[in-house]
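The values are calculated or read from the model by the stated rules, or taken from the named source; none is laboratory data. Keep in mind the model is a prediction, meaning the values are calculated, not measured. Quick reminder, even Gly has a Cβ in these numbers, built from the backbone with ideal geometry, and neighbours come from all protein chains shown. The accessibility values were calculated without ligands, DNA or RNA, using every heavy atom of the protein model including side chains. Shrake-Rupley method; radii C 1.70, N 1.55, O 1.52, S 1.80 Å.
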Amino acid sequence: MDEKMPLTKDCMWKAVISCNPLYDGLFFYGVKTTGIFCRPSCKSKSPSINNILYFANIDEAIKAGLRPCKRCRPDLAIKRYNPYLENVRQIKDMIQNHYDQHLTLEKIASKVNVSPYHLNRMFKNETGETPRSYLEKVRISNAKKMLISSSHTIAETAHQVGFLNLSSFYKAFKKHEGTTPGNFKIKQKG
Ligand SMILES: [Zn+2]
């Protein structure tokens, strides 16, 4: 272990087992048995205390013959890489693929293994909107396509894009489009 290390071993060990993102950039840890090194926040399985190595920076880890973890990408500059963006991308993909189902915050959160509270906060911090409002946007955008191109009734459309009842569909549609689904359909059909 390097004497230049700004933190105690005990402190770093605690950061690693709790995947604490506050320590990202302050040190890196490697695992002797796998030959991989990670950021403290990496969600990969915590190593055994006997196999862990600590590094003050990436160069030291690479010099020691370790490879960067594909999951937390310690080799990318800290400022450029934001692990939350990856989570947000996953959540967006998930919403785009399952918007027609009954999606709750809990369901979305469980897919990316975070608490609903954390999901909401993280998503909002990164995108400026809540997962719920993003889901609504995706549903309305698909509803518009359906209203234009299919012979579904408005009620069928609402159901197909995941709204549980017509009134919430009308409310959301009006909020995003400033008009009713019926008027939208008429205008589009000319
Ligand atoms: Zn990692």
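Miscellaneous remarks
- Extension gain for I17-E129 works out to 37.2 nm (0.36 nm per residue, less the C-alpha to C-alpha distance).
- Ellipticity estimate at 222 nm from DSSP helix runs (n ≥ 4, -39,500 (n - 2.57)) divided over the chain, nearest 500: -15500 deg cm²/dmol
- Computed over the stretch 83-189, relative contact order equals 24 percent, with contacts defined as Cα pairs under 8 Å that lie 6+ residues apart.
- DSSP-defined beta bridges in the stretch 9-68 - what % are antiparallel, rounded to 5: 70
- The chain, relative contact order in percent, only Cα pairs under 8 angstrom and at least six apart counted: 14
- Alpha-carbon Rg/Rh ratio, for the stretch 112-151, with Rh computed the Kirkwood way: 1.20
- Contour excess over end-to-end distance, with Cα ends at N165 and I186 and 0.36 nm allotted per residue: 5.4 nm
- Ranked by solvent-accessible area (1.4 Å probe, protein heavy atoms only, all chains present), the residues Y54, Y117, Y84 order from largest to smallest as Y117, Y84, Y54.
- Taken over the chain, the percentage of Cα pairs per 10 Å bin, counting from 0 up to the bin with the maximum distance, is 9, 28, 22, 16, 12, 10, 3, 0.
- For V114, the amide hydrogen comes within under 5 Å of no other amide hydrogen, counting only partners 5 or more places away or on other chains and with H modelled in the peptide plane.
- Accessible area per residue was computed with a 1.4 Å probe on protein heavy atoms; D59 scores about 110 Å².
- Relative packing of peptides 170-177, 140-147, 95-102 - highest average C-beta neighbours within 10 Å first: 140-147, 170-177, 95-102
- Here the chain carries DSSP beta bridges of which approximately 70% are antiparallel, counting only pairs with both residues inside.
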